[in-house]
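For reference, the structure discussed in these notes is given below.
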Amino acid sequence: MAKSITSFVTSCLADAGYAEQPLGSNNTKFGVEFGWNKVAWCAIYGWCKYKAAGVTLPIKSASCVAIYDYCAAHDLHYPGRRCVIGDSVIRGWQGIARTAAGFDPEQTHFQEVLETKTENGVKYLGLWGGNQGAGYVGPSVEWVKADDPTILGGLAFHTLFAAAAPTTPPVHDKGADAKTMPAAKSHPHALSPKDSAAVAQLAQTLPKRRRPLTAKARTRLRLLRSQITQTLTGAAK
């Protein structure tokens, strides 16, 4: 499956309003897919959504703490203000602080970044998530300041999406942008069509090396190479 941030966002939004059954049970289709059901599922939901978009996260865990620690140790962690669409965040509440014992897992939450915007010079993140409120997905984007103290860290998962391979020639070959590109210049040592034809004709006479060359053939080859060199030298003058 092609990796696509667009498909990631679309897949998340398609789950709006999904709820665990029954409420309070943590019983979800995402837990079944993940292989660990009926547990807190915000991080599980995120793992499933990245997978649906063609990305396998480098850590498979239902623990926000474990994911945070892994990303911090593998250059996949930065402040919330640097987050872009396709990233995720780990959030914490009630004045939670990092200690030797780690974050309280009961007060942490995994959310996906589906939108960003800037208003009056302030950056906001449009956050999404599973196991929101009483056990729902969404149902709507939550706008939070990128430097909100509840954002314990941004997870640079957008880097896991591969850039789409180009399917058309470079813009200077054709298209509207071609008009802005300078015309290609001939290389000063480029052969003229006439010279190229002469060299090609000489090359056709070279013996094919399907078996070791005889002494006579090697002598002839040296003479032909000398002729080609002289032709190229003449074309360069």
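The values are calculated or read from the model by the stated rules, or taken from the named source; none is laboratory data. This structure is a prediction, so every number in the text was calculated from the model and none was measured. Cβ placement follows ideal geometry from the backbone for every residue including glycine, while neighbour counts extend to all protein chains displayed.
Numbers at a glance
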quantity	calculated
Test result for residue 16, closer than 24 Å to residue 92 by Cβ, surrounded by fewer than 20 Cβ atoms within 10 Å (Cβ to Cβ) and either among the polar types (S, T, N, Q) or in contact (Cβ under 8 Å) with a residue 24 or more places away in the chain (or both)	no
Filter result (surrounded by fewer than 17 Cβ atoms within 10 Å (Cβ to Cβ), more than 26 Å from the chain's Cα centre (by Cα) and under 27 Å from residue 26 (Cα atoms)) within the range 111-145	133, 134, 139
Which listed residue, of 148, 173, is touching a strand residue (DSSP E or B) at 6+ places or on another chain (Cβ under 9 Å), modelled with pLDDT under 95, more than 24 Å from residue 26 (Cβ to Cβ) and surrounded by fewer than 18 Cβ atoms within 10 Å (Cβ to Cβ)	148
Any pair with Cβ under 8 angstrom, 6 or more apart, that starts in the range 109-125 at a residue that is under 14 Å from residue 79 (Cα atoms) and ends at one that is of a type in the set (Lys, Arg) and loosely packed, with under 15 Cβ neighbours inside 10 Å	123/81; 123/117; 124/117
Spans of helices (runs of 4 or more DSSP H) in the range 1-78 with at least 3 residues closer than 21 Å to residue 108 by Cβ	29-34, 42-52, 64-73
Residues being under 19 Å from residue 63 (Cα atoms) and in a loop (DSSP other than H, G, I, E, B) - total across the range 79-90	1
Selection within the range 1-36 - acidic (Asp, Glu) and within 20 Å of residue 140 (Cα to Cα)	15, 20
Check on residue 50, among the aromatic types (Phe, Trp, Tyr), touching a Leu at 6+ places or on another chain (Cβ under 7 Å) and modelled with pLDDT under 95	no
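So that you can scan it fast, the table gives a plain yes or no per residue for (1) within 17 Å of residue 136 (Cα to Cα); (2) in contact (Cβ under 8 Å) with a residue 60 or more places away in the chain:
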residue: 38; (1), (2): yes, no
residue: 44; (1), (2): yes, yes
residue: 52; (1), (2): no, no
residue: 59; (1), (2): no, no
residue: 64; (1), (2): no, no
residue: 73; (1), (2): no, no
residue: 85; (1), (2): no, yes
